[in-house]
Amino acid sequence: MFFRKSPDMPRAGEALPGRDSAIVTAAEHFVFHRAMKGEIPDGFETALFGMGCFWGAERKFWQMGHGIWLTSVGYAGGITPNPTYEETCSGRTGHTEVVQVIFDPDRVSFADLLRVFWENHDPTQGMRQGNDIGTQYRSAIFTTNDAQLQEARASRTAYAERLKAAGYPEITTEIAPAGPYYFAEDYHQQYLAKNPQGYCGLGGTGVSCPIGLKT
């Protein structure tokens with residue numbers, strides 16, 4: 001019963017208590033060989049993206065290459081402090097699986113990140129992504145400054161028009177300023193670089209997004 005999965009967001013009194021200390025994560029990025037919790041260079045920005053299972057989503061962002069300083073996976077948008085993967089999957093933390101992207105805006109624009117986000121999952125499915133069902137698989141963008149927030153909202157409006165024309169329902173993506181971000185366990189970090197044949201449930205709609213593609 002403790003881990004009975006719920007399809008609905010928990011209220012504060014229903015959420016699991018979590019813990020005061022962070023769970024153990026990787027020390028170094030498996031692909032970029034940088035410290036996972038190292039100093040962020042001046043002028044770089046951070047944003048969080050939830051696209052369903054975070055294994056495949058993280059790979060999409062580190063594969064962008066230029067301008068991406070670091071990626072990691074974790075939990076955000078919920079209530080429970082320092083949750084574990086099992087707790088998040090119970091639906092009783094309120095968190096969704098996210099990729100944290102640290103990037104150089106002089107080399108890759110936030111619009112470029114948004115394009116990868118919109119085109120590589122289905123943002124109309126609510127508390128699921130394909131066969132992965134639960135609150136932890138909901139679509140989300142968590143921003144770290146007002147310019148990102150406004151750009152994310154504008155991109156949702158633009159992409160919604162394309163999706164509607166293609167016969168898709170309304171976008172359910174949550175867009176909000178970022179709250180606490182909790183790193184996921186070591187084995188989740190850069191999972192598909194460590195396990196190239198591992199599970200990836202990521203799949204887009206096939207509808208192109210009319211933003212990004214910085215030249």
I'd like the residue in region 39-80 that is of a type in the set (Gly, Ala, Ser) and in a strand (DSSP E or B) and, out of all such residues, is surrounded by the fewest Cβ atoms within 10 Å (Cβ to Cβ). Ala76
Would you be able to say whether some residue in region 82-90 is surrounded by 22 or more Cβ atoms within 10 Å (Cβ to Cβ), in contact (Cβ under 8 Å) with a residue 24 or more places away in the chain and either within 21 Å of Cys209 (Cα to Cα) or under 13 Å from the mean Cα position of the chain (by Cα) (or both)? no
Out of Tyr159, Tyr181, which single residue is at pLDDT 95 or above, hydroxyl-bearing (Ser, Thr, Tyr), surrounded by 14 or more Cβ atoms within 10 Å (Cβ to Cβ) and in contact with a Cys (Cβ under 9 Å, 6 or more places away or on another chain)? Tyr159
Look at Phe49 and say whether it is of a type in the set (Phe, Trp, Tyr) and within 23 Å of Gly203 (Cα to Cα). yes
Identify all residues within region 91-118 that are among the charged types (D, E, K, R), buried (at least 18 other Cβ atoms within 10 Å of the Cβ) and over 13 Å from the mean Cα position of the chain (by Cα); write none if there are none. Arg92, Asp112, Arg115
Could you grab the pairs with beta carbons closer than 7 Å, sequence gap of 6+ or different chains, first residue in region 140-151 and touching a residue at least 40 places away in the same chain (Cβ under 8 Å), second one hydroxyl-bearing (Ser, Thr, Tyr) and part of a strand (DSSP E or B)? Ala140/Thr96; Thr144/Thr46
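Can you pull out the residues in region 162-176 that are within 19 Å of Gly52 (Cα to Cα) and either surrounded by 14 or more Cβ atoms within 10 Å (Cβ to Cβ) or touching a strand residue (DSSP E or B) at 6+ places or on another chain (Cβ under 9 Å) (or both)?
Filtering region 162-176 for residues within 19 Å of Gly52 (Cα to Cα) gives 163, 168-176.
Leu163, Tyr168, Ile171, Thr172, Thr173, Glu174, Ile175, Ala176 - these are the residues of region 162-176 that are within 19 Å of Gly52 (Cα to Cα) and either surrounded by 14 or more Cβ atoms within 10 Å (Cβ to Cβ) or touching a strand residue (DSSP E or B) at 6+ places or on another chain (Cβ under 9 Å) (or both).
Based on what the data block shows, is Thr135 farther than 13 Å from Ala47 by Cβ and free of Cβ contacts under 8 Å to residues at least 24 places away in the same chain? Working first, answer last.
On the way: farther than 13 Å from Ala47 by Cβ: yes; free of Cβ contacts under 8 Å to residues at least 24 places away in the same chain: no.
So Thr135 does not fit the description; no.
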Taking the conditions exactly as written (modelled with pLDDT of 95 or more and touching a Lys or Arg at 6+ places or on another chain (Cβ under 6 Å)), does Leu192 satisfy them or not? yes
Could you say whether any residue in region 119-127 is buried (at least 16 other Cβ atoms within 10 Å of the Cβ), of a type in the set (S, T, N, Q), on the phi > 0 side of the Ramachandran plot and in contact (Cβ under 8 Å) with a residue 40 or more places away in the chain? no
Conditions (1) out of contact with any Phe, Trp or Tyr (no Cβ under 8 Å at 6 or more places or on another chain); (2) within 24 Å of Val207 (Cβ to Cβ); number of the one not met by Trp55: (1)
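The values are calculated or read from the model by the stated rules, or taken from the named source; none is laboratory data. A quick note: this is a predicted structure, and the numbers were derived from the prediction, not measured. A quick note on method: Cβ atoms are made from the backbone with ideal geometry, for glycine too, and the neighbour counts reach across all protein chains shown.
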